[in-house]
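To start, the structure under review is shown below, and the notes come after it.
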Amino acid sequence: MARNPGWEAVYEVADLFRQRCLIEGKSLLWPEQAIWTVENLDALWDAFVDKPDEGSDPFVDNLHNQLESEPLPIHMIAVDLLVMYCLPISKGKMGAAAKTNLITTEMSWKLGDQRENGQWLRIERSFADGIADPGMFYMIAGRPWHVAYLLRFGKACRNRQPGNATKESTKELADEILSEFTSGQLEVRANVAAGRHFLLHLLYPNEFESIASSDHKRKIFTTFAEESGVEPSTDVDDGLFAIREFREATYGPESCHYYSPNIRALWDNGKPPPPPPPPPPDPPPLVHSVEVLAAKTHLDASFLHEIESLLTEKRQLIFEGPHGSGKTYVAELFARWFTGQALDDAPTEHVEIVQFHQSYGYEDFVQGIRPETNTQGQLTYNVRDGIFLEFCRRAADKPKAKFVLLIDEINRGNISRIFGELDLLLEYRDKQARLPYATGANPYLTIPKNLYIIGTMNSADRSLAQVDYALRRRFYFVRFMPVENGQAVVLDRWLRAQELDVTTRQHVLARFVALNERVSAHLSQDYQIGHSFFMHPKVGVPEGFDRIWTRAIHPLLE
């Protein structure tokens, strides 16, 4: 059969599309929403096809213009269709990150982050696979028409009784709609055969081949039909089904791997087997789901989504909490996730970290005059850019990417002096300010809108009062408390992840919670002891726990 066991995640999503969207009239990603009605599908067709955007902008920008005034159900259907459009594309032609970016971009216009964890995880798994190379037309110029083909097919199914559909009736409907596109019966004329082939394979993977090219299907049919006892007048898809049955029974399943070099040489105009392809380039950084980030940080996914929302809105955040509460650790992992980088790899240009201290100044952070010795041994004074200006240039060079600057211990420095005119520019990203030391043709600075800042602040320092109000209101603040309402959630989850027995885990938690409740009562919760002190591989061993208590905790209490 044509079904590939390695693509089960793809077939699972396709089955859900058939059941939820085509049969039940519900959304693929929001199954509680019965939005796949003929009226809604007509409304999307009117906005997307009947009123085409004739500009030269990319597909996503055109789609945004077309759907800008449409209600939420129309956007939800558009997301469902984009998932089905991306689903069959091989990962070599469109990786999981690119597929995810296309979907989440459409979501961001009106839906916000409404991804339901279970539904989105399933979609992400399917995007890691893909089926075939659909060709350049499907990927670029023909993208809107292939999405329109899926929309037209969906409407036709909703007008019928999709629960009674068979392989034959589905193929007949798919061909009927293909004819509408290719014959000019519709407002557009486009060859969307690749979409037709993909759709039939997704809905009936046992019966229809995973081949996107009509020409390739005909060549394979012509090459193997006679040997397989298939009449030349047989329908191509029916003939390929019979050919597969014969060849798998006679030669084994590998004989139907039509794109393997040796098999392709038999049907593709007698071409010799091509040389083996070069090794693939290093894959792009993974775009992890928020659940992966939650598992690494032991925080709730909803809390991380809230941080994402705050940072997206304000562009500046400060994580505040007691020493050892995981602020810097979470900030770095979150920054990697937020910018679409792998969580475990070496640092990339998208995330930079700097630590403020009492001697740190504007000249170090933004720009200043620095003494230098030239090659003749003479002392010169030159204007040099600091890390922030360099990071601004980096972000400006790639305006569609995200960049996060992490400022550890942000309140340890004289923030007003270090930031200078950034005080204004942080809030008004469309304004520019003249740099006091700047030379050259452009002495002005504008902070790119794709540059974000996350600072960390130790609440026990009591330094927030030292941050002037004007600067303070430029940031949102997120608190990290080791113990709240008698619960040490982060430490508890970490201990469970270490697979410690219940008795040991309860012993560590009880001591930790009791310690911090006493600290909070005598001082304040800002002086709590962070859970990172107890995240030690030997915390479950009596000697290890005693060492932590004696050598790490006790000195803090003296």
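The values are calculated or read from the model by the stated rules, or taken from the named source; none is laboratory data. Because the structure is predicted, anything quoted here is derived from the model rather than measured. Cβ sites come from the backbone with ideal geometry, for glycine too, and all protein chains shown count toward neighbours.
Side notes on the structure shown:
- Pairs, first closer than 26 Å to K402 by Cα in segment 351-375, second modelled with pLDDT under 85 and assigned to a loop (DSSP other than H, G, I, E, B), C-beta under 6 Å, six or more apart: Q367/Y437
- The residues in segment 141-164 that are aliphatic (A, V, I, L, M) and either touching a strand residue (DSSP E or B) at 6+ places or on another chain (Cβ under 8 Å) or touching a residue at least 24 places away in the same chain (Cβ under 8 Å) (or both) can be counted, and the count is 4.
- Checklist (1) within 25 Å of G195 (Cα to Cα); (2) acidic (D, E); (3) touching a residue at least 12 places away in the same chain (Cβ under 8 Å) applied to E227, failing item: (1)
- Candidates I447, I454, filtered to the one that is part of a loop (DSSP other than H, G, I, E, B), assigned by the TED database to the domain that holds G321, in contact (Cβ under 8 Å) with a residue 40 or more places away in the chain and buried (at least 19 other Cβ atoms within 10 Å of the Cβ): I447
- None of I131, I140 is in the same structural domain as L28 (by the TED database), of a type in the set (V, I, T) and either at pLDDT 90 or above or in contact with a Pro (Cβ under 7 Å, 6 or more places away or on another chain) (or both) except I131.
- Against the conditions (1) of a type outside the set (A, V, I, L, M, F, W, C); (2) part of a loop (DSSP other than H, G, I, E, B); (3) under 30 Å from A148 (Cβ atoms), N269 satisfies every one except (3).
- Residue among F241, F221 that alone is buried (at least 17 other Cβ atoms within 10 Å of the Cβ) and out of contact with any helix residue (DSSP H, G or I) (no Cβ under 8 Å at 6 or more places or on another chain): F241
- Residue match in segment 492-509 (condition: within 30 Å of F419 (Cα to Cα) and surrounded by fewer than 18 Cβ atoms within 10 Å (Cβ to Cβ)): no
- If you go through segment 137-187 and pick out every residue that is hydroxyl-bearing (S, T, Y) and surrounded by fewer than 17 Cβ atoms within 10 Å (Cβ to Cβ), you end up with 5.
- For segment 320-345, filtering for residues that are of a type outside the set (K, R) and in a helix (DSSP H, G or I) leaves 10.
- Across segment 7-51, the qualifying residues are those that are among the aliphatic types (A, V, I, L, M) and not in a helix (DSSP H, G or I), and the one among them that is nearest to E124 (Cα to Cα) is L29.
- Pairs meeting the criteria (first residue in segment 531-558 and not assigned by the TED database to the domain that holds G321 and surrounded by fewer than 11 Cβ atoms within 10 Å (Cβ to Cβ), second residue among the hydroxyl-bearing types (S, T, Y) and part of a loop (DSSP other than H, G, I, E, B), beta carbons under 9 Å, at least 6 apart or on different chains) are lacking.
- Exactly one residue out of M76, M84 is closer than 18 Å to L28 by Cα, touching a Ser or Thr at 6+ places or on another chain (Cβ under 6 Å) and in the same structural domain as Q33 (by the TED database), and it is M76.
- Pairs where the first residue, in segment 241-261, is touching a residue at least 40 places away in the same chain (Cβ under 8 Å) and closer than 22 Å to D133 by Cα and the second is small (G, A, S) and not in a helix (DSSP H, G or I), C-beta under 7 Å, 6+ apart: R244/A2
- Comparison of L311, L343, L406 shows that the only residue that is outside the structural domain of A98 (by the TED database), modelled with pLDDT of 90 or more and within 18 Å of the chain's Cα centre (by Cα) is L311.
- Within segment 385-403, the residues that satisfy the criterion of being more than 25 Å from S359 (Cβ to Cβ) and either of a type outside the set (G, A, S) or outside the structural domain of N442 (by the TED database) (or both) are R393, R394, D397, K398, P399, K400, K402, F403.
- Number of the exception - S309 against (1) under 25 Å from L471 (Cβ atoms); (2) touching a strand residue (DSSP E or B) at 6+ places or on another chain (Cβ under 8 Å); (3) surrounded by 13 or more Cβ atoms within 10 Å (Cβ to Cβ): (2)
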